[in-house]
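K.L.:
One structure, as structure tokens, below. Some questions next.
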Amino acid sequence: VSAFLLNRSSDLEIDIVLTVMNVQSSDARVVEEVAREQYILVVPIALDVSTREYPNKEMKSPEELPTIPISEYKELPYIMQRQSMPANIIFEDLCRNNGFMPQTKVICKNVNTAVQLAKRGIGACFIPFSVVTELPQKYFHCYRIEGNKADRVIKTAYRKSMKLTKIQQDVLAGIRNFYQA
């Protein structure tokens with residue numbers, strides 16, 4: 001979908017695109033980073049193998065979450081996103097660097113499906129922190145993964161020949177503010 005929209009932005013059919021895909025500027029297109037956020041491991045409570053005390057409070061920033069070594073969770077079933085999705089690439093690299101590959105139970109197209117499947121106890125998933133803040137905590141434990149330095153990068157793309165309107169600039173400023181809060 002993102003590639004389709006990016007092509008339409010170059011063809012003058014769409015003014016501006018937000019994406020997490022790895023796209024670059026070109027002769028016809030400007031690509032700018034709008035925001036970054038951490039990916040978090042979401043584990044259904046029934047599947048959590050940790051013996052640590054989990055904080056019983058609302059987490060307002062990723063830094064408040066406990067950090068775990070992913071190797072402790074190598075036996076869990078995982079709900080993965082498609083191979084080309086940044087979350088999948090980053091998570092598989094983290095696992096590979098810790099000597100294993102995740103046991104994929106389900107592959108889905110989007111993070112909302114992954115969360116709903118995790119809520120049913122089907123497996124753990126690796127999702128952006130902005131989604132974690134919306135989760136009902138009674139179903140999940142959420143963790144930062146030790147050694148994870150990769151963030152979700154949110155970019156905007158638009159035609160080089162286009163000047164952003166005040167409204168478009170305000171929308172991008174709102175997105176930046178949301179991720180900095």
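The values are calculated or read from the model by the stated rules, or taken from the named source; none is laboratory data. Note that the coordinates shown come from a computational prediction; the quantities given were computed from them, not determined experimentally. No Cβ is skipped: glycine too gets one built from the backbone with ideal geometry, and neighbour counts run over all protein chains shown. Note: areas computed on protein heavy atoms with side chains; ligands, DNA, RNA excluded. Shrake-Rupley method; radii C 1.70, N 1.55, O 1.52, S 1.80 Å.
K.L.:
Taking the solvent-accessible surface of protein heavy atoms with a 1.4 Å probe, what is the per residue accessible area of the chain in Å²? The partial results should precede the final answer.
P.N.:
Values: 10210 Å² over 181 residues.
Result: 56 Å² per residue.
K.L.:
Taking the dipole about the Cα centre of the chain, with the C-beta of Lys and Arg at +1 and of Asp and Glu at -1, give me whichever of VAL17, TYR39, ILE175 is farthest to the positive side.
P.N.:
The one lying farthest along the dipole's positive direction is VAL17.
K.L.:
How high is the relative contact order of the chain, given as a whole-number percent (alpha carbon pairs under 8 Å, six or more residues apart)?
P.N.:
Working: 290 pairs, mean separation 74.0, N = 181.
This gives 41 percent for the chain.
K.L.:
Loop sites only, by DSSP: take the GluC sites (Glu not before Pro) in the chain that have at most 12 other C-beta atoms within 10 Å and name the longest stretch containing none of them. List each step's numbers first, then the result.
P.N.:
Values: sites that count: GLU13, GLU53, GLU58, GLU75, GLU134.
Within the chain, the longest run free of exposed GluC sites (Glu not before Pro) spans 76-133.
K.L.:
Which lysines, if any, have their Cα less than 24 Å from the Cα of LYS105, not counting same-chain residues under 8 positions apart?
P.N.:
LYS74, LYS119, LYS138
K.L.:
Right, here's the next one. Provide the FRET efficiency to the nearest 0.05 for the THR165-PHE100 pair, computing r from the beta carbons and using R0 = 41 Å.
P.N.:
Values: r = 49 Å, r/R0 = 1.19.
FRET efficiency, THR165 to PHE100: 0.25.
K.L.:
In addition: How large is the charge dipole for the chain, taken about the Cα centre, if only the Cβ atoms of Lys, Arg (+1) and Asp, Glu (-1) carry charge, to the nearest 20 debye? Before the final figure, lay out the partial values.
P.N.:
Details: 23 positive and 20 negative charges, 63 e Å.
With only Lys, Arg, Asp and Glu charged at Cβ, the dipole is about 300 debye.
K.L.:
Grab the beta carbon distance between ILE14 and GLN180, set R0 = 41 Å, and tell me the FRET efficiency rounded to 0.05.
P.N.:
On the way: r = 26 Å, r/R0 = 0.64.
Computed FRET efficiency for ILE14 and GLN180 comes out at 0.95.
K.L.:
For the stretch 92-142 and the stretch 31-53, compute the distance between their C-alpha centroids and round to whole Å.
P.N.:
7 Å
K.L.:
Counting only protein heavy atoms, what percent of the accessible surface of the chain is carbon or sulfur at a 1.4 Å probe? It would help to have the intermediate numbers written out before the result.
P.N.:
Details: 5170 of 10210 Å².
Carbon and sulfur atoms account for 51 percent of the accessible area of the chain.
K.L.:
Of PHE129, ASN88, GLN116, which is farthest along the charge dipole of the chain in the positive direction, counting Lys and Arg as +1 and Asp and Glu as -1 at C-beta?
P.N.:
Farthest towards the positive end: GLN116.
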